[in-house]
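The values are calculated or read from the model by the stated rules, or taken from the named source; none is laboratory data. These figures come from a predicted structure and were not determined experimentally. FYI the Cβ positions are ideal-geometry reconstructions off the backbone, even for glycines, and counts take in every protein chain you see.
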Amino acid sequence: MTGPRVLVVAKAPVPGRAKTRLGAVVGDEAAAHLAHAALLDTLDACVTAFPAGRRHLALDGDPGEAARPDELADALATWQVRPQVGGDLGARLAAAHADLDGPDAVVQLGMDTPQVTSDDLAAVLSGLAGHDALLGPAEDGGWWVLAMQRSAEAAVLRDVEMSTAHAERDTAEALRGRGLAVATGAMLRDVDTVDDAVAVAALAPWTRFARTWEQVAGSTSS
């Protein structure tokens with residue numbers, strides 16, 4: 001099978017390991033359920049946009065220890081799942097891309113934007129046309145999506161410091177430093193903090209994340 005592929009790079013929604021900044025406020029168990037919802041929302045959008053056989057997940061952690069392991073296992077039934085390898089985030093992203101064989105384009109995203117839709121992903125592929133890469137910036141200065149015509153070019157991510165207020169700029173500069181033409185996609189908001197959760201849940205009330213946030217917010221305020 002040929003055609004573009006999707007690569008989700010995510011943490012297993014394990015209490016104490018996923019969404020730790022939220023966990024510091026709402027508790028580790030609640031944060032894990034929020035992470036689970038965000039991951040499944042992301043997978044749903046990808047399933048609509050990419051056919052079976054073109055869906056890849058690089059997972060950090062044991063899905064058997066996740067907040068809802070059976071539900072997660074069902075969601076991953078049509079995905080090719082590999083463990084993340086490498087040191088820091090940039091190295092793990094580069095390794096996840098290197099695991100993808102073949103010349104077809106790849107769209108890589110995480111699990112921090114549960115509001116993402118299949119239309120957003122289609123727009124990414126459309127924007128990639130005529131370019132070597134596309135970066136979708138996040139409001140915090142990072143990026144939520146990286147699309148590339150050739151996965152091998154993602155080796156440059158090993159030299160980029162991620163999770164900073166200028167990660168998107170640095171990633172774009174590193175890609176252009178390899179002579180790549182880089183397009184800019186739509187900006188989305190990552191969910192890292194309570195303020196982010198409130199904003200994204202309001203923006204996308206149809207999502208699992210929004211419904212889970214409503215439950216969490218109700219329990220923490222009572």
Quiz item: Out of all the residues in the range 104-121, which are out of contact with any helix residue (DSSP H, G or I) (no Cβ under 6 Å at 6 or more places or on another chain) and either more than 20 Å from residue 152 (Cα to Cα) or not in a loop (DSSP other than H, G, I, E, B) (or both)?
Solution: 108, 109, 112, 113, 119, 120
Practice problem: Filter the range 66-82 down to the residues that are in contact (Cβ under 8 Å) with a residue 40 or more places away in the chain and of a type in the set (A, V, I, L, M), then identify the one that is surrounded by the fewest Cβ atoms within 10 Å (Cβ to Cβ). | Solution: 72
Practice problem: State which residue is surrounded by the fewest Cβ atoms within 10 Å (Cβ to Cβ) when the search covers only the range 152-166 and only residues that are without any contact (Cβ under 8 Å) to a residue 60 or more places away in the chain and either in contact with a His (Cβ under 6 Å, 6 or more places away or on another chain) or not in a helix (DSSP H, G or I) (or both). | Solution: 165
Quiz item: Which condition number in (1) farther than 29 Å from residue 199 by Cα; (2) in contact (Cβ under 8 Å) with a residue 12 or more places away in the chain; (3) not small (Gly, Ala, Ser) is the one that residue 85 fails?
Solution: (2)
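Yes or no: residue 174 at pLDDT 95 or above and assigned to a strand (DSSP E or B)? Even if it seems obvious, please write down each step before you answer.
Numbers: at pLDDT 95 or above: yes; assigned to a strand (DSSP E or B): no.
So residue 174 does not fit the description; no.
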Quiz item: Taking only pairs six or more apart or across chains, which ones have beta-carbon atoms under 7 Å, a first residue in the range 1-15 that is under 16 Å from residue 118 (Cα atoms) and of a type in the set (D, E, K, R), and a second residue that is modelled with pLDDT of 95 or more and outside any loop (DSSP other than H, G, I, E, B)?
Solution: 5/56; 5/106
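Which of the residues spanning the range 193-222 are assigned to a loop (DSSP other than H, G, I, E, B) and either surrounded by fewer than 15 Cβ atoms within 10 Å (Cβ to Cβ) or modelled with pLDDT under 95 (or both)? Give the derivation first.
Our first condition is that a residue be assigned to a loop (DSSP other than H, G, I, E, B); within the range 193-222, this holds for 193, 204-207, 222.
Correct list: 205, 206, 222.
Would you check if residue 184 is of a type in the set (Ser, Thr, Tyr), at pLDDT below 95, in contact with a Gly (Cβ under 8 Å, 6 or more places away or on another chain) and surrounded by fewer than 17 Cβ atoms within 10 Å (Cβ to Cβ)? So that I can check it myself, show each step before the final result.
Values: of a type in the set (Ser, Thr, Tyr): yes; at pLDDT below 95: no; in contact with a Gly (Cβ under 8 Å, 6 or more places away or on another chain): yes; surrounded by fewer than 17 Cβ atoms within 10 Å (Cβ to Cβ): yes.
Considered against the rule, which asks whether it is of a type in the set (Ser, Thr, Tyr), at pLDDT below 95, in contact with a Gly (Cβ under 8 Å, 6 or more places away or on another chain) and surrounded by fewer than 17 Cβ atoms within 10 Å (Cβ to Cβ), residue 184 comes out as no.
Looking for whichever is surrounded by 16 or more Cβ atoms within 10 Å (Cβ to Cβ) and within 30 Å of residue 205 (Cβ to Cβ) here; the options are 106, 124. Which one fits? Outline the logic, then answer.
Details: 106 fails: within 30 Å of residue 205 (Cβ to Cβ).
Sole residue among the options that is surrounded by 16 or more Cβ atoms within 10 Å (Cβ to Cβ) and within 30 Å of residue 205 (Cβ to Cβ): 124.
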